[in-house]
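Notes to accompany the following structure.
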Amino acid sequence: MKKVVLGFSGGLDTTYCAKYFTDEKGYEVHSVIVNTGGFSEEELQKIEAHAYKLGVKTHTTIDAVKSYYDNIIKYLIFGNCLKNNTYPLSVSAERLSQALSIAAHTKKLNADAVAHGSTGAGNDQVRFDMIFNIMIPGVEIITPIRDMKLSREEEITYLKSKGVEMNFEKSAYSINKGLWGTSVGGKETLNSKGLLPESAWPTQVSKTNAEEVKLGFVKGELFTVNDKKFDHPSEAIQHLQTIAGPFGLGRDIHVGDTIIGIKGRVGFEAAAPMVILKAHHALEKHVLTKWQLNWKDQLALFYGNWLHEGQIMDPVMRDIEAFFTNSQQTVTGDVFVQLQPYHFQVIGIESEFDLMSAKFGKYGEMNTGYTGDDVRGFSKIFGNQTSIYHKVNAAGDGK
């Protein structure tokens, strides 16, 4: 009997896979759900009960919230990574964490095959397949929804014929929630023009009065929120989300290039991630040199794009992470942010490593570290080669 590990969310596609494998193929199915911050304890218990009703042999819940932060989110913060200067890579980062955990579980069970419910239309199929090929080479990858090109209606008809009871009503909006943000897809995101209505956003605006929040970073990692200390940054992120989410912050629609070559639009809300990224970047601008910031920006652009395309296991990612980590040695201090409905603003920072020190002069006023004559000489030397170029080309027209 073939032993198959099935990445299981309890939704329509993975429900179909579980029933199809057990009833039609006679496989020994071991379902696994990887929680990256999107499920409550009650939801996880319901999903487990649902899996066993479908006939799986075992069901496992993996709590990957902290490992998700430690292995991926931390570096997205260090790099201030935003895909196309907009999207905090919420779902793409989450899928990689889930794929890695599913691969490890497959190896642990010594399974013959691993399965996922991805269709043939999006990025996730590539991310899952690639991680599985790298981490568990030789293990068969089974994808019924993609391979049989099943429609939603065909899946529902099959499950009803098997007596499966679940909510088959398709929600008007597709929601994917995780520690690093929530994606929202609907009819408005299927075309190049259209805004999601207020009712579509999972977190409704319930705060109307401005509020100031203080974020405490230690070597680039968020450990305190309003002086409340957390043992792990993932807990600080979740706490900040409860504060910032009701302001309707971090909402936007991302337009991006998929791995398979087509463009797509997706809505997202990511209050805590967006506040953290902007606060962290503001602190960095005070404590890092211009060349540290310059190279971080260049590496972050590549890192975010390569991660989005599922290439988390490329060794170059470890190299960039090492650079990011080293750059965070002085990124320690407090950042003050004002939260308002649909808008937030960084007020300023306090850090012992602040390079904007009055001891060395005040921008736009008087300096204390050099004289006017020093600047005259520096300006002449700094522009010397460009000056020579223009003199030579003006004199002989470059000939």
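With charges only on Cβ, +1 for K and R and -1 for D and E, what is the dipole size of the chain about its Cα centre, in debye, rounded to 20? Please list the in-between numbers first.
Details: 42 positive and 46 negative charges, 134 e Å.
Using Cβ point charges on Lys, Arg, Asp and Glu, the chain gives about 640 debye.
Answer rounded, prolate or oblate for the range 299-338, using the Cα gyration tensor with square roots of eigenvalues a ≥ b ≥ c: rounded when a/c is under 1.5, else prolate when a/b is larger than b/c, else oblate.
On the way: a/c = 3.84, a/b = 1.78, b/c = 2.16.
Oblate, because a/c is 1.5 or more while a/b does not exceed b/c.
Let a ≥ b ≥ c be the square roots of the eigenvalues of the Cα gyration tensor of the range 187-262; is it rounded (a/c under 1.5), or, if not, prolate (a/b larger than b/c) or oblate?
Details: a/c = 3.36, a/b = 1.62, b/c = 2.08.
Oblate, because a/c is 1.5 or more while a/b does not exceed b/c.
Using only the alpha-carbon atoms of the range 44-187, report the extent along each of the three principal axes, biggest first, to the nearest angstrom.
50, 42, 30
With axes computed from alpha carbons, what is the tilt in degrees of helix 384-396 against the longest principal axis of the chain, rounded to the nearest 10 within 0 to 90?
That works out to roughly 80 degrees.
Rolling a 1.4 angstrom probe over the protein chains, ignoring ligands and nucleic acids, what is the accessible area of residue 301 in square angstrom, nearest 10?
110
Taking the Cα centre of the range 260-365 as origin, work out the dipole magnitude from +1 charges on Lys and Arg Cβ and -1 charges on Asp and Glu Cβ, in debye rounded to 20.
Details: 9 positive and 12 negative charges, 61 e Å.
Once rounded to the nearest 20, the dipole reads 300 debye.
With every protein chain present, what is the per residue accessible area of the chain (1.4 Å probe, Å²)? Kindly include the intermediate steps, with their values, before the conclusion.
Numbers: 20730 Å² over 399 residues.
For the chain, the solvent-accessible area averages 52 Å² per residue.
In whole Å, largest first, what are the principal axis extents of the Cα atoms in the range 13-65?
34, 18, 17
Using the charge dipole of the range 204-363 (Lys, Arg: +1 at Cβ; Asp, Glu: -1 at Cβ; taken about the Cα centre), state which of 240, 275, 357 has its Cα farthest towards the positive end.
357
How would 352, 43, 211, 188 rank on accessible area, largest to smallest, probe 1.4 Å?
Working: 352 160, 43 85, 211 65, 188 30 Å².
Ranked from most to least accessible, the order is 352, 43, 211, 188.
Which whole-angstrom value gives the distance between the alpha carbon centres of the range 83-106 and the range 332-357?
Rounded to whole Å, the Cα centres lie 29 Å apart.
Just how many pairs of Lys in the range 1-93 have C-alpha atoms closer than 22 Å, counting pairs that are eight or more places apart or on different chains?
Summing the qualifying lysine pairs gives 16.
Quick check on the range 103-228: take the gyration tensor over C-alpha atoms, sort the square-rooted eigenvalues as a ≥ b ≥ c, and tell me if it's rounded (a/c under 1.5), prolate or oblate. List each step's numbers first, then the result.
Numbers: a/c = 2.42, a/b = 1.34, b/c = 1.80.
Oblate.
Please name whichever of 79, 49, 126 sits farthest to the positive end of the charge dipole of the range 28-187, dipole taken about the Cα centre and charges placed at Cβ: Lys and Arg +1, Asp and Glu -1.
Farthest along the dipole direction, towards plus: 79.
When the chain is fully extended, how far beyond the present Cα-Cα distance does residue 193 get from residue 294, taking 0.36 nm per residue of separation? It would help to have the intermediate numbers written out before the result.
Numbers: separation 101, 0.36 × 101 = 36.36 nm, distance 3.43 nm.
Between residue 193 and residue 294, full extension yields 32.9 nm more.
Around residue 12, with a cut-off of 10 angstrom between Cβ atoms, what is the net charge of the other residues, counting Lys and Arg +1 and Asp and Glu -1? Before the final figure, lay out the partial values.
Values: positive: 152, 170; negative: 13, 155.
In short, 0.
Using a simple spin-label model with points 7 Å from Cα along the Cα→Cβ vector, what separation in nm is obtained for residue 168 and residue 367?
The modelled label-to-label distance comes out at 7.5 nm.
What does the charge dipole of the range 1-48 about its Cα centre add up to, to the nearest 20 debye, if the Cβ of each Lys and Arg holds +1 and the Cβ of each Asp and Glu holds -1?
Dipole size: approximately 260 debye.
Go ahead and estimate [θ] at 222 nm for the chain from helices alone: -39,500 (n - 2.57) per DSSP H run with n ≥ 4, summed, over the residue count, rounded to 500. List each step's numbers first, then the result.
Details: 14 runs with 161 residues, N = 399.
Taking each H run of at least 4 residues, the total per residue is -12500 deg cm²/dmol.
So for the pair residue 211, residue 260, with labels modelled 7 Å out along Cα→Cβ, what separation do we get in nm?
If labels sit at residue 211 and residue 260, their model points lie 4.1 nm apart.
For the Cα atoms of the chain, what angle does the longest principal axis make with the long axis of helix 90-109, in degrees from 0 to 90, nearest 10?
50
Find how many whole Å separate the alpha carbon centroid of the range 136-159 from the alpha carbon centroid of the range 215-236.
42
Return the carbon/sulfur percentage of the accessible area of the chain, one whole number, probe 1.4 Å, all protein chains in place. Kindly include the intermediate steps, with their values, before the conclusion.
Details: 10830 of 20730 Å².
So the carbon and sulfur contribution to the accessible surface is 52 percent.
Kindly express, to the nearest 10 degrees and within the range 0 to 90, the angle between helix 124-135's C-alpha long axis and the longest C-alpha principal axis of the chain.
It works out to around 90 degrees.
All other residues with a Cβ under 14 Å from the Cβ of residue 41 taken together, and with Lys, Arg as +1 and Asp, Glu as -1, what is their net charge? Walk me through the numbers on the way to the answer.
Details: positive: 46; negative: 42, 43, 48, 63.
Charge balance near residue 41 sits at -3.
In whole Å and largest first, what semi-axes does the C-alpha gyration tensor of the chain yield when each eigenvalue is scaled by 5 and square-rooted? Mind showing how you got there, number by number?
Numbers: eigenvalues 440, 123, 84 Å².
Taking √(5λ) for each eigenvalue gives 47, 25, 21 Å, largest first.
When DSSP assigns beta bridges and you keep just the ones with both residues in the chain, what percent turn out antiparallel, to the nearest 5?
Details: 37 of 54 bridges.
The answer is about 70 percent antiparallel.
How charged is the neighbourhood of residue 206? Take every other residue with its Cβ under 15 Å from the Cβ of residue 206, and add Lys/Arg as +1 and Asp/Glu as -1.
Working: positive: 207, 251; negative: 198, 211, 269.
With Lys, Arg at +1 and Asp, Glu at -1, the net is -1.
The values are calculated or read from the model by the stated rules, or taken from the named source; none is laboratory data. The structure presented is a predicted model; accordingly, all values stated were derived computationally and were not measured. Every residue, glycine among them, receives a Cβ derived from its backbone with ideal geometry; neighbour counts consider all protein chains shown. Side chains included, ligands, DNA and RNA excluded: accessible areas come from the protein's heavy atoms. Shrake-Rupley method; radii C 1.70, N 1.55, O 1.52, S 1.80 Å.
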